[in-house]
Amino acid sequence: MTTASADDVGPTVRVGFLGCGTVGAESVRILTQRREAITRYSGVDVEVVRIAVRDLGVERDLPVPDTVLTDDPAAVVAADDIDLVVEVMGGTDPAGSLVAAALDLSKPVVTANKTLMAADGPALLDKARAANVDLLYEASVGGGIPIIRPLTETLAGEYVRRVMGIVNGTTNYILTRMDEEGAGFDAVLADAQALGYAEAEPSADVDGHDAAQKAAILATLAFGTRVHDTDVPTEGIRGIDAHDLGLGRRLGYVVKLLAVAEYDEAADAVLARVFPAMIPDSHPLANVRLSYNAVFVEGESAGRMMFYGHGAGAGPTAMAVVGDVVDAARNLRQGARGPHVSRRALHGIKDGADATSQYYVRLEVEDRPGVLAEIARAFGDHGVSLKSVLQEGREADAELVMITHASREADVDAAVAVAGGLDGVENVAAVMRVVADEDA
Ligand code: NAP
Ligand code: HSE
């Protein structure tokens, strides 16, 4: 084995942490306990020198002396003995101004903060570029799954057509258990909260906001443009009925909450959205179970790729942070910085109403002659062609389950509205997009 000499390694890169909770504490542990091995492997020596927390009274089991702890994060950023800043406190305030201050001082920054990167990522990346230092954020999407670096570096020459991800572990856990056990949303959510998978206030996860932030980051990167999380139309999973998961299975589909970002070449526009969808059970994303995440990338040259792993948790997320710290430290010592994705203004963010998709529609209906014909006419009048129709139940319990061919989404909405108003239709029970069979 070759051991790096002091000359090879150069001066130690001194790191200041902003935050030391779930992700920060594990990152500090790895950087400290594996310091020698990291130096041997990477050729750069990294030391955690200062750590800012909110409450100095909290008992912490850290492999560093208590004297490195402070409750003044701005002082950590400004300190002369800090070369590199790790932001793992979360939120936009004060994290955003602290990251900006570090970059203004030409200190590289590593962050795990999807909220900050989805809101202000492009502006902060421009600041990093102007200062000629790194702003790395691998942990912000997919936790421990390498996806930011592959998109930025490995696929730099790729023409990416679409990125489709299961990027929220809580909702994937809930949907998997509803699918496999036939249990209802409320019961599984309560169980997930008791087990610590879901937050007591679950809205960020179950209403899709966490996935929307990750969709914005992925779209910004994949298409070299600026997509803000407020540009991402978002639907969550609260309204999902286990009955539809069962029917979907029988039709060969699995329901997943997807973050989808795609580029429309003709319109020169990006559409990034979050919605629950039926995907063919043969699709690689269909087998991503429980709290696992995966990001599926479709490129013109490399074809289809899937990046899979733990989307959260101390160990996986800290590993992504540590990888970024080592990278940024090495670049700092070499007077370099990692690749910067140039962004350009597109024609715009595409309007979802013009997007096309196949649909799953379930209607509770009266079981009498002519009802199906009236419903089919409502769809036909809006140019929506039905691919398959299944009648379930009889008489008072009858329901029609339809899969449409790919159609303009606004036309499907209009057809469903008309069908829902027909005398023979008692209720529009479910409407869900379907990822096309040819994509499986
Ligand atoms: P956390 O456990 O709540 O830790 C936050 C840390 O920041 C705590 O140490 C807290 O101090 C400190 N802090 C918060 N506000 C502060 C302030 N104003 N001044 C000084 N210190 C402050 O959060 P986490 O789960 O580690 O998440 C950190 C970041 O990683 C977030 O951006 C999150 O979205 C991202 N992330 C987390 C995961 C995950 O699995 N947890 C996965 C991917 C990404 P105290 O310890 O004194 O409270
Ligand atoms: N709450 C997120 C999830 C993890 O359930 O996947 C942090 O991004």
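The values are calculated or read from the model by the stated rules, or taken from the named source; none is laboratory data. The shown structure was predicted, so the numbers you read here are calculated from the model rather than taken from an experiment. Ideal geometry is used to build each Cβ from the backbone, glycine not excepted, and the neighbour counts take in all protein chains shown.
Among the candidates Gly224, Gly248, single out the residue that is more than 12 Å from the chain's Cα centre (by Cα) and not in a loop (DSSP other than H, G, I, E, B). That would be Gly248, the only listed residue that is more than 12 Å from the chain's Cα centre (by Cα) and not in a loop (DSSP other than H, G, I, E, B). Restricting to the stretch 283-303, give me the number of residues that are surrounded by 15 or more Cβ atoms within 10 Å (Cβ to Cβ), within 21 Å of Pro316 (Cα to Cα) and not hydrophobic (A, V, I, L, M, F, W, C). Matching residues across the stretch 283-303 total 4. Evaluate the following for Gly224: is it outside the structural domain of Arg29 (by TED's automatic domain parsing) and closer than 15 Å to Thr171 by Cα? So Gly224 fails the test. Residue selection: Met305 satisfies the criterion of being more than 16 Å from ligand 2 (Cβ to nearest atom) and over 19 Å from Ala355 (Cβ atoms). Counting the residues of the stretch 109-146 that are under 22 Å from Val48 (Cα atoms), of a type in the set (A, V, I, L, M, F, W, C) and under 13 Å from the mean Cα position of the chain (by Cα) gives 2.
In the stretch 149-168 there is no residue matching the filter, namely being within 16 Å of ligand 2 (Cβ to nearest atom), under 24 Å from Ala314 (Cβ atoms) and more than 14 Å from the chain's Cα centre (by Cα).
Yes/no matrix, rows are residues, columns are (1) out of contact with any Asp or Glu (no Cβ under 9 Å at 6 or more places or on another chain); (2) in a helix (DSSP H, G or I); (3) not assigned by TED's automatic domain parsing to the domain that holds Val295:
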position: Met117; (1), (2), (3): yes, yes, yes
position: Asp120; (1), (2), (3): yes, yes, yes
position: Ala123; (1), (2), (3): yes, yes, yes
position: Ala128; (1), (2), (3): no, yes, yes
position: Val133; (1), (2), (3): yes, no, yes
position: Glu153; (1), (2), (3): yes, yes, no
position: Ala156; (1), (2), (3): yes, no, no
position: Arg162; (1), (2), (3): no, no, no
position: Thr170; (1), (2), (3): no, yes, no
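From the list Gly184, Gly239, the one residue that fits, being within 14 Å of Pro276 (Cα to Cα) and away from ligand 2 (no atom under 13 Å from the Cβ), is Gly239. In the set (1) within 15 Å of Gly352 (Cα to Cα); (2) assigned to a strand (DSSP E or B), the condition left unmet by Ala267 is number (2). Return a yes/no flag: does the stretch 65-76 have any residue that is assigned to a helix (DSSP H, G or I), buried (at least 21 other Cβ atoms within 10 Å of the Cβ) and within 16 Å of ligand 1 (Cβ to nearest atom). Within the stretch 65-76 (the criterion being assigned to a helix (DSSP H, G or I), buried (at least 21 other Cβ atoms within 10 Å of the Cβ) and within 16 Å of ligand 1 (Cβ to nearest atom)), the answer is yes, since at least one residue qualifies.
Condition check ((1) modelled with pLDDT of 95 or more; (2) in contact with a strand residue (DSSP E or B) (Cβ under 7 Å, 6 or more places away or on another chain); (3) surrounded by fewer than 18 Cβ atoms within 10 Å (Cβ to Cβ); (4) farther than 20 Å from Ala294 by Cα) across all residues:
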| residue | (1), (2), (3), (4) |
| --- | --- |
| Pro146 | yes, yes, yes, no |
| Ile174 | yes, no, no, no |
| Ala194 | no, no, yes, yes |
| Lys214 | yes, yes, no, no |
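Based on what the data block shows, is Ala95 closer than 17 Å to Tyr137 by Cβ and either within 15 Å of ligand 1 (Cβ to nearest atom) or modelled with pLDDT of 95 or more (or both)? Yes: the conditions hold for Ala95.
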